[in-house]
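**Student:** Below you'll find the structure I mean.
The values are calculated or read from the model by the stated rules, or taken from the named source; none is laboratory data. Everything numeric in this text was worked out from a predicted model, so none of it was measured. Neighbour counts run over all protein chains shown; Cβ positions are idealised from the backbone, glycine included.
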Amino acid sequence: MQGLLGLIATPFGYIMRFMYELIGNYGVCIILFSLLVKVIMSPLTLKQKRSMQATQRLQPKIQAIQKKYYNDKTRMNEELTALYDREGVSPTAGCGTMLITLVIMLGLYYVISQPLSYFMQLSADEISAVAEALGVELSTGYGAQISLAGQMFNNFDLIKDISDNVMRVDFNFLGIDLAANPAFKKLNLLWVMPIVSCLTALGQTYVTTRLQRRTMGDNPAAAQSNKMMYIMMPLMSLYFGFVLPAGLSLYWISNNVFGAASEVVFAKIMEKEAEGKVKK
């Protein structure tokens, strides 16, 4: 799986590098990169939502079949399959889309969290040489590479000859060091990143929940899932925002904001499609 994600991350690493060489601001590059992700995945996401809407529309018929053939599982499955065929709905259509979306997201996450490998395209030996030149013990934890890249900026003369791909990247964005980790015990400007990440995750979940209810109607199972999302996503964003470099928090913040905006766009598209079907 790591090899597959690496293949996906590599071309996006070239795009990220091109953006930085063009713009010269790492924070802006992350924001634009997040927007690019949303644009690329929009067709897949919209397809998934259409599939969910179609399945939700059939819930009364599905529940009727399940109730009628409760004691005959074979007949129930046959009737459900026939229903899906008649309505032109695939109950598993969204699963493939979700898997592809997840793989792409993880691949893109690699670009942000491992800038030496995918942003600068350094080999493992070159990364080790950089760490040795800076007197740093290279760990394998999340955010290790971006932390090392942050130290490269202030000590560029020590590592500039290791490879032609080595870049002097300024991780400062609005006074915040995107290569640094916020700390629970040290109150400073870095705290802004995990807190804003938490709030935007909460906002995106709220927007998604409201729009799903408007376009797909009430769904007890979805409502229960959304309740969990209300709790889990903001807390996860807050926790990881404190244990990982701030650059990743900026990516999640951008992703949350663009995600909420895309939910509004998708809802309008699906409502117009539904109005067109009703008129026909």
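**Student:** Of the numbered conditions (1) among the hydrophobic types (A, V, I, L, M, F, W, C); (2) modelled with pLDDT under 80; (3) surrounded by fewer than 18 Cβ atoms within 10 Å (Cβ to Cβ), residue 104 satisfies every one except a single condition; which is it?
**Tutor:** (3)
**Student:** So, in the range 23-75, of the ones that are surrounded by fewer than 18 Cβ atoms within 10 Å (Cβ to Cβ) and among the small types (Gly, Ala, Ser), which residue ends up nearest to the chain's Cα centre (by Cα)?
**Tutor:** Taking the candidates together, the pick is 42.
**Student:** Oh, and also: Which count do you get for residues in the range 154-165 that are surrounded by fewer than 19 Cβ atoms within 10 Å (Cβ to Cβ) and touching a residue at least 24 places away in the same chain (Cβ under 8 Å)?
**Tutor:** 4
**Student:** Would you call residue 18 part of a helix (DSSP H, G or I), out of contact with any helix residue (DSSP H, G or I) (no Cβ under 9 Å at 6 or more places or on another chain) and not assigned by TED's automatic domain parsing to the domain that holds residue 252?
**Tutor:** So residue 18 fits the description; yes.
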